[in-house]
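Colleague: I'd like to ask some things about the structure below.
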Amino acid sequence: MERKKILIPNGNPSELQLINAAHRLGLYVVTSGNNKAAPAHAFADKYIPVDFSDREAMLALAREEKVDYMCSNSNDIGLLTTAYVCEKLGLPGHDPYETALHLHHKDHFKRLAKKLSLHVPDGEAFTDRAEALEYALSRQEPLVVKPVDLVGGNGVSTVRTPEEKSAAVDKAFRLSLNKRVVVERFIDGTAHSFSTFLVGGKVVNSFSDNEYVFGKPFKISTSASPADGVEPVRDLLIGDIEKAAEELKLIDGRMHVQYLLKDGEPYILEMTRRISGDLYAVPESFSLGFNTADWYLRAECGMDVSAVPRRTQQGMYGRHCIVSPRPGVTDGIRLDPALEECVMLKWLWNAWGHRVVNCENDILGLLFFRFESEEQKQTVLANIHEMISVNLIG
């Protein structure tokens, strides 16, 4: 019998967990994206080089391949394309496209948050450069200026002076695909994520972690669970998620939140319905005791997920993206023995013979940790870059 077919945009490491989950369901996997060298393509049944940010091209691809399902990748742009294609073709497992925009474009989400009194940083959305700058100059505290529709911290600036505000507004409008920006209060807090699964509009399990930035601002490179200070704010976060779910009539599946914590108060930066990047589901799955990617993929296919396990996270887990300190050609990666002790899994796909050009964006591999004590976790997090040696030629 011919296998049913699923289309997964992109083939970065994050999509490997989705490809494997689809194969466990017996599906034929087609991946797309314009990076032919992306490592997860090798695990798919078929790769077709189509830019997943091009909605109409992806719609044509889905029609041509006669796919039965489409699963969004770990990228907001890919999620919106997936919602668009599935709506046009009547494929199951996704919120309507307009609903997806309410969460995944920052200006839409800002308006939704205000309507529902969600716990977010105070701010406004703008379509006019002069109005955005006037608002930014009227605020005396540090601000964050960001395009509404980019990912990975691209185009985001933290500003304090009038000169910085003017430059940041210009940059955000220039880079925004839809020429819209958000200006909001800068929260000098710790970064965290809170990943949940919705069934019938209610949160049935959750996983939290701390997030750390090294190098490029706003780009998460390391995480460790559980999140510090999560217990006092767990119910508040769940309450905000369920408010959004009720307002938007969200279907069953993933709801992932990134938030800042300052003086015991959470400030939600975004809510997304996609799986998180850098194989986030690996530490999440170990902590919750079941493969979360399997259930995410089932939801993306419109399958019944009412039996998803109701679990509380346990243990201390983490992950780290390995990058090079300088350009060159990789000639192996060495880990300090103390780091090896807590590494439970690793995938080093660019460790040998890979030419590094953009150090901050060029991930060489991923490490996954199981920490035996809080002391071990803190030691690793404080010294992780000194504990990893990237050998380079040239």
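The values are calculated or read from the model by the stated rules, or taken from the named source; none is laboratory data. Model, not experiment: these values are computed from the prediction. Cβ sites come from the backbone with ideal geometry, for glycine too, and all protein chains shown count toward neighbours.
Colleague: Mind checking which residues of region 168-203 are of a type in the set (Asp, Glu) and either assigned by TED's automatic domain parsing to the domain that holds Ala307 or in contact (Cβ under 8 Å) with a residue 60 or more places away in the chain (or both)? Spell out the reasoning first.
Modeller: In the first step, residues of region 168-203 are kept if they are of a type in the set (Asp, Glu); the result is 170, 184, 188.
Glu184, Asp188 - these are the residues of region 168-203 that are of a type in the set (Asp, Glu) and either assigned by TED's automatic domain parsing to the domain that holds Ala307 or in contact (Cβ under 8 Å) with a residue 60 or more places away in the chain (or both).
Colleague: Restricting attention to region 107-153, which residues are basic (Lys, Arg) and either without any contact (Cβ under 8 Å) to a residue 12 or more places away in the chain or surrounded by 23 or more Cβ atoms within 10 Å (Cβ to Cβ) (or both)?
Modeller: Selection gives Lys114, Lys146.
Colleague: Which count do you get for residues in region 301-342 that are of a type in the set (D, E, K, R), over 30 Å from Ile6 (Cβ atoms) and at pLDDT below 95? Working first, answer last.
Modeller: Kept after step one, since they are of a type in the set (D, E, K, R), are these residues of region 301-342: 304, 310-311, 319, 326, 331, 334, 336, 340-341.
Filter again for over 30 Å from Ile6 (Cβ atoms), leaving 326, 331, 334, 336, 340-341.
When the remaining residues are screened for being at pLDDT below 95, the result is 326.
Qualifying residue count, region 301-342: 1.
Colleague: Test Ser221 against the stated conditions and say whether it is assigned by TED's automatic domain parsing to the domain that holds Ala299, surrounded by fewer than 22 Cβ atoms within 10 Å (Cβ to Cβ) and touching a Phe, Trp or Tyr at 6+ places or on another chain (Cβ under 7 Å).
Modeller: Details: assigned by TED's automatic domain parsing to the domain that holds Ala299: yes; surrounded by fewer than 22 Cβ atoms within 10 Å (Cβ to Cβ): yes; touching a Phe, Trp or Tyr at 6+ places or on another chain (Cβ under 7 Å): yes.
Here the answer is yes, as Ser221 does meet what is asked.
Colleague: If you don't mind, there's one more thing I want to ask. Can you name the residue in region 249-280 that is of a type in the set (D, E, K, R) and outside any loop (DSSP other than H, G, I, E, B) and, of all such residues, is farthest from Val230 (Cα to Cα)?
Modeller: So in region 249-280, the residues of a type in the set (D, E, K, R) come out as 249, 252, 254, 262-263, 265, 270, 273-274, 278.
From the residues that got through so far, the ones that are outside any loop (DSSP other than H, G, I, E, B) too are 254, 262, 265, 270.
On the way: Arg254: 19, Lys262: 12, Glu265: 10, Glu270: 17 Å.
It comes out as Arg254.
Colleague: With of a type in the set (Lys, Arg), more than 20 Å from Val213 (Cα to Cα) and surrounded by fewer than 18 Cβ atoms within 10 Å (Cβ to Cβ) as the only criterion, which of Arg326, Arg311 stands out? Spell out how you get there, then give the answer.
Modeller: Working: Arg326 fails: more than 20 Å from Val213 (Cα to Cα).
None of the other options fit; the residue is Arg311.
Colleague: For region 18-68, give me the residue count where each residue is outside any loop (DSSP other than H, G, I, E, B) and within 20 Å of Cys86 (Cβ to Cβ). Reasoning before the result, please.
Modeller: Filtering region 18-68 for residues outside any loop (DSSP other than H, G, I, E, B) gives 18-24, 28-31, 39-43, 46-47, 55-65.
Imposing the further condition that a residue be within 20 Å of Cys86 (Cβ to Cβ) reduces the set to 18-19, 21-22, 28-31, 46, 55-65.
The qualifying residues number 20.
Colleague: Turning to a different aspect of this structure: Restricting attention to region 298-308, report how many residues are surrounded by fewer than 16 Cβ atoms within 10 Å (Cβ to Cβ) and either among the hydrophobic types (A, V, I, L, M, F, W, C) or farther than 29 Å from Thr82 by Cα (or both). Can you show your working first?
Modeller: Initial filter on region 298-308 (surrounded by fewer than 16 Cβ atoms within 10 Å (Cβ to Cβ)): 303-304, 306-307.
Narrowing the set further to residues that are either among the hydrophobic types (A, V, I, L, M, F, W, C) or farther than 29 Å from Thr82 by Cα (or both) leaves 303, 307.
Number of matching residues: 2.
Colleague: Would you confirm whether any residue within region 87-107 is more than 30 Å from Leu25 (Cβ to Cβ), in contact with a strand residue (DSSP E or B) (Cβ under 8 Å, 6 or more places away or on another chain) and either part of a strand (DSSP E or B) or not β-branched (Val, Ile, Thr) (or both)? Outline the logic, then answer.
Modeller: Going through region 87-107, the residues more than 30 Å from Leu25 (Cβ to Cβ) turn out to be 105-107.
Narrowing the set further to residues that are in contact with a strand residue (DSSP E or B) (Cβ under 8 Å, 6 or more places away or on another chain) leaves 106-107.
Applying the additional criterion that residues be either part of a strand (DSSP E or B) or not β-branched (Val, Ile, Thr) (or both) yields 106-107.
Scanning region 87-107, I find at least one residue that is more than 30 Å from Leu25 (Cβ to Cβ), in contact with a strand residue (DSSP E or B) (Cβ under 8 Å, 6 or more places away or on another chain) and either part of a strand (DSSP E or B) or not β-branched (Val, Ile, Thr) (or both), so the answer is yes.
Colleague: Could I ask something else about it? Look through Pro266, Pro226 and report the one residue that is farther than 30 Å from Ala132 by Cα and either of a type outside the set (Phe, Trp, Tyr) or in the same structural domain as Val343 (by TED's automatic domain parsing) (or both).
Modeller: On the way: Pro266 fails: farther than 30 Å from Ala132 by Cα.
Of the residues listed, the single one that is farther than 30 Å from Ala132 by Cα and either of a type outside the set (Phe, Trp, Tyr) or in the same structural domain as Val343 (by TED's automatic domain parsing) (or both) is Pro226.
Colleague: Any chance region 91-106 includes a residue that's basic (Lys, Arg) and either over 18 Å from Cys301 (Cβ atoms) or in contact with a Phe, Trp or Tyr (Cβ under 8 Å, 6 or more places away or on another chain) (or both)? Show your work before the answer.
Modeller: Taking region 91-106 first, the residues basic (Lys, Arg) are 106.
With the extra rule that they be either over 18 Å from Cys301 (Cβ atoms) or in contact with a Phe, Trp or Tyr (Cβ under 8 Å, 6 or more places away or on another chain) (or both), the set shrinks to 106.
Yes - at least one qualifying residue is present in region 91-106.
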